[in-house]
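Each remark here refers to the structure printed beneath this line.
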Amino acid sequence: QVQLVESGGGLVQAGGSLRLSCVASGSIFSIDFMGWYRQAPGKQRELVATINSGNITYYADSVKGRFTISRDNAKRTVYLQMNSLKQEDTAVYYCKVIVYAMDYWGKGTLVTVSS
């Protein structure tokens, strides 16, 4: 079993920055895939950014150039550095990992961007 705990969310003004962290624990030898998703009020959950075991990254068009995903394998942690935040970035941000071909999700951390 794998547990994920996200942190770093909060209230920030437009143009500001936040750094999200997600720590994985449990019976893990290696993590194949780590990613961040978000769900805004009244909308479906959407992919934000992903990083695989080879450190290849992918970003949604809406966050390219503003967000950076990274991982620290020794700490079993994935980060999301979010810069130049916009009001439309307001959402609950969820961490997802794939371990032994199984998906695991965190409970989410709320990011609110004010004008």
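The values are calculated or read from the model by the stated rules, or taken from the named source; none is laboratory data. Computed from a prediction, not measured in an experiment: that's the story for all the values here. Reconstructed Cβ throughout: ideal geometry from the backbone, glycine too, with neighbour counts over all protein chains shown. Note: areas computed on protein heavy atoms with side chains; ligands, DNA, RNA excluded. Shrake-Rupley method; radii C 1.70, N 1.55, O 1.52, S 1.80 Å.
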**Report entry** Close pairs (8 angstrom Cβ cut-off, 6 or more residues apart or separate chains): farther than 11 Å from Ser53 by Cβ in segment 21-32, in a loop (DSSP other than H, G, I, E, B) and open to solvent by 40 Å² or more (accessible area, probe 1.4 Å) anywhere
**Finding:** Val23/Lys75; Val23/Arg76; Ala24/Arg76; Ser25/Arg76; Gly26/Gln1; Ser27/Gln1; Ile28/Arg76
Report summary line: Among the residues of segment 25-39, the number that are under 17 Å from the mean Cα position of the chain (by Cα) and surrounded by 14 or more Cβ atoms within 10 Å (Cβ to Cβ) is 8
Query raised in the report: Looking only at residues in segment 21-47 that are charged (D, E, K, R) and not in a loop (DSSP other than H, G, I, E, B), which one is nearest to Tyr94 (Cα to Cα)?
Result: Arg38
Query raised in the report: Name the residues in segment 4-20 that are open to solvent by 40 Å² or more (accessible area, probe 1.4 Å) and either at pLDDT below 95 or not in a strand (DSSP E or B) (or both), would you?
Result: Ala14, Gly15, Ser17
Query raised in the report: Taking the stated definitions as given, is Tyr58 in contact (Cβ under 8 Å) with a residue 40 or more places away in the chain, assigned to a strand (DSSP E or B) and not aliphatic (A, V, I, L, M)?
Result: no
Report summary line: Checked Tyr79, Tyr59 against criteria (in contact with an Asp or Glu (Cβ under 8 Å, 6 or more places away or on another chain) and among the hydroxyl-bearing types (Ser, Thr, Tyr)); the one match is Tyr79
Requested in this report: Return the only residue of Thr68, Thr50 being part of a strand (DSSP E or B) and either modelled with pLDDT under 95 or touching a Gly at 6+ places or on another chain (Cβ under 8 Å) (or both).
Outcome: Thr50
Query - Members of segment 46-75 found to be charged (D, E, K, R) and more than 12 Å from the chain's Cα centre (by Cα), listed by number - result: Asp61, Lys64, Arg66, Asp72, Lys75
Report task. Would you check which residues across segment 71-115 are open to solvent by less than 70 Å² (accessible area, probe 1.4 Å), closer than 20 Å to Ala24 by Cβ and assigned to a loop (DSSP other than H, G, I, E, B) and list them? Result -> Gly106, Gly108
